[in-house]
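The values are calculated or read from the model by the stated rules, or taken from the named source; none is laboratory data. Just so we're clear, the structure is a prediction, and the values are computed from it rather than from any experiment. A quick note on method: Cβ atoms are made from the backbone with ideal geometry, for glycine too, and the neighbour counts reach across all protein chains shown. Just so you know, the surface numbers come from the protein's heavy atoms only, side chains and all, with ligands and any DNA or RNA stripped out. Shrake-Rupley method; radii C 1.70, N 1.55, O 1.52, S 1.80 Å.
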Amino acid sequence: MILSSPSSSALLQSIIAPSTPPHPSLYPATCSFFVMGEPQSVIVDSLIPVDNASPLFASSRTNQAACFSLIEKALAKLSGASFKNLVGGNVAESLYDLLGVGVEDLHLDDRSQPPLSPANLKTLVLSNLLQGNLVGTGNIDTSKPGQELPRAKLGIRKNHAFAVVNATDSVVTVYNPQGHDDGYTGTGGTDGMGTLSMNWKDFHSCFNRLQIAPLSVKETHPNRLQYKREWSGVGGCSNFPGFRKNGVLVVDIEPGNELFLMMGQIDRRGLPRGERAGGGDAGVSYDEIGITVVELKSPAALADRLFVHKMCTPERYKVFAKTRSFANRRDNTLWVHEKDIKKKTTLGIVFSTFHPDVRGDYFCEVRSRHSVADSAAWTDDVQTTELSWTGEFPASLKLSNLKGATRCAVYMRQTAARVRVNPSKGKPAQPEPVGCWVLAPNGTVLCQPSFVKATESSTFVDLTTLEGGELTIAGRYFKGAKGGEVTVEVMVEGADGGATLVKMDEDVDVEALSGQKKKAKTKTKKMKAARPGFGQAKKTLEGLGDMYAGL
């Protein structure tokens, strides 16, 4: 695939070059790869395993170029010093390792998207090749993992990688990296050494995936931010209440800009078998990862932008963009296209696993057409004190020791929903709309409830005029319902004296204090109790090790 690029010579030289002293005598070659977002060099000797004088593993088609064997040897050295660890993987992982650019994985058979016609597919492929991007393809079928599957149209082997090496208005040419035709029955012709030609209609019916390495982004999106991060056992995707506990990268963006986002986790091929998330001989498996970009429904003041993005409960945001799915693979990417950025806005970028309670290291990258570095900041930069209480509603809580505090957030999460339907009919319990009153020490109403029918909701409180003291938080169900179990969490920024949260001995009659019972806002969005996120996330098992075993 790399050799089909107009800049193949430069690309190859960026991957392998003669070693500099003092290595040349023993280690004649130095290979450069990318690991967790950082370049890494590996030196190798010139000894190559052979069988009957031919390289046992990777080689050129004529056995006249040793560079491919040396690159493979360096990758094996990087992956636990074993060629066996290189079995499997996929095109996206390989291209990132070699070139340091995230790869876009397109599902041509995705039923959630408008179908792509042969003509549109041709335009897509030709456009990317013209830009100097690398394109891979394959027919992926995960219905029977580990089993031999019937061939696709024209004898194309399923779950195998092919490189798109050339294309014209009428013909597209792909290459089988194993170097043979492998039972291809198409009439477009072959060279007998794995180069297969076909028309666009046949290409459209033979393959259901495209992998695009957008090398052009290095020039078109030259501004790059990169971070190394850690999942600390909370979070998960927007299907889970812990979504708000993910670190959020907040950036300001304007029309004319465009983002290419990537995230990746530790390559597990070089780890001991028991640490590969499959255990034993199960091979390599990864946590499902994905990217969600959110936009607040109500713009936040500049001083509050990070704090409010820590409050990503469902009623506060809408999904601006997201990966197609949370995929079981090492890396994932997402475009935030220029056409979708119609006004100046602030976006929150969440790089997360599908499931909560995952721990591990990851890296993430933001490439942009115009720099967003001045506005980029993580919500983790906001230092807060977090408190919690769990019990039955209605309940009144006292939040004290707020000297120096500037703002706080009150979260209410139903941990055991009230049963509002007859359980004998097999219907699950539904969340009752909940909300809270927040009162100043003198009884002044600082916040009225906005009753939200969701598993969790949040309330923002500005404390800049409070001058220390304490708050009363009165949690209520809509229409005065009782029972069920609710967890109240409070996040306070800037409290000097160590804020505390305790239940009051007597429940506060907030309606009588405020005199505003009839003015309480109501909002009862229809949302699934177990899935509070907007634009529900999906997870997939794509990208597993044996899917592209021929690479």
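Odds and ends about this structure:
- Residue selected from the range 123-147 under the condition among the hydroxyl-bearing types (Ser, Thr, Tyr) and open to solvent by 10 Å² or more (accessible area, probe 1.4 Å), by the criterion farthest from the chain's Cα centre (by Cα): 123
- Counting the residues of the range 194-227 that are touching a Leu at 6+ places or on another chain (Cβ under 6 Å) and closer than 16 Å to residue 99 by Cα gives 1.
- For the range 1-41, residues that are open to solvent by 40 Å² or more (accessible area, probe 1.4 Å), farther than 25 Å from residue 265 by Cα, assigned to a helix (DSSP H, G or I) and not aliphatic (A, V, I, L, M) total 3.
- Filtering the range 474-505 to residues that are in contact with a helix residue (DSSP H, G or I) (Cβ under 8 Å, 6 or more places away or on another chain) and either small (Gly, Ala, Ser) or open to solvent by 30 Å² or more (accessible area, probe 1.4 Å) (or both) leaves 474, 493.
- For the range 447-466, the set of residues classified as under 16 Å from residue 406 (Cβ atoms), open to solvent by 20 Å² or more (accessible area, probe 1.4 Å), assigned to a loop (DSSP other than H, G, I, E, B) and in contact (Cβ under 8 Å) with a residue 12 or more places away in the chain consists of 464, 466, listed by residue number.
- Residue in the range 323-334 that is in contact with a helix residue (DSSP H, G or I) (Cβ under 9 Å, 6 or more places away or on another chain) and farther than 27 Å from residue 81 by Cα present: yes
- Positions within the range 161-188 being assigned to a loop (DSSP other than H, G, I, E, B) and hydroxyl-bearing (Ser, Thr, Tyr), in sequence order: 168, 170, 184, 185, 187
- When residue 119 is tested against the conditions (1) loosely packed, with under 14 Cβ neighbours inside 10 Å; (2) more than 22 Å from residue 202 (Cβ to Cβ), the lone failure is (2).
- Tally of residues being out of contact with any Ser or Thr (no Cβ under 7 Å at 6 or more places or on another chain), open to solvent by less than 50 Å² (accessible area, probe 1.4 Å) and hydroxyl-bearing (Ser, Thr, Tyr) across the range 148-182: 0
- Residue in the range 142-154 that is under 23 Å from residue 215 (Cα atoms) and in contact (Cβ under 8 Å) with a residue 12 or more places away in the chain present: no
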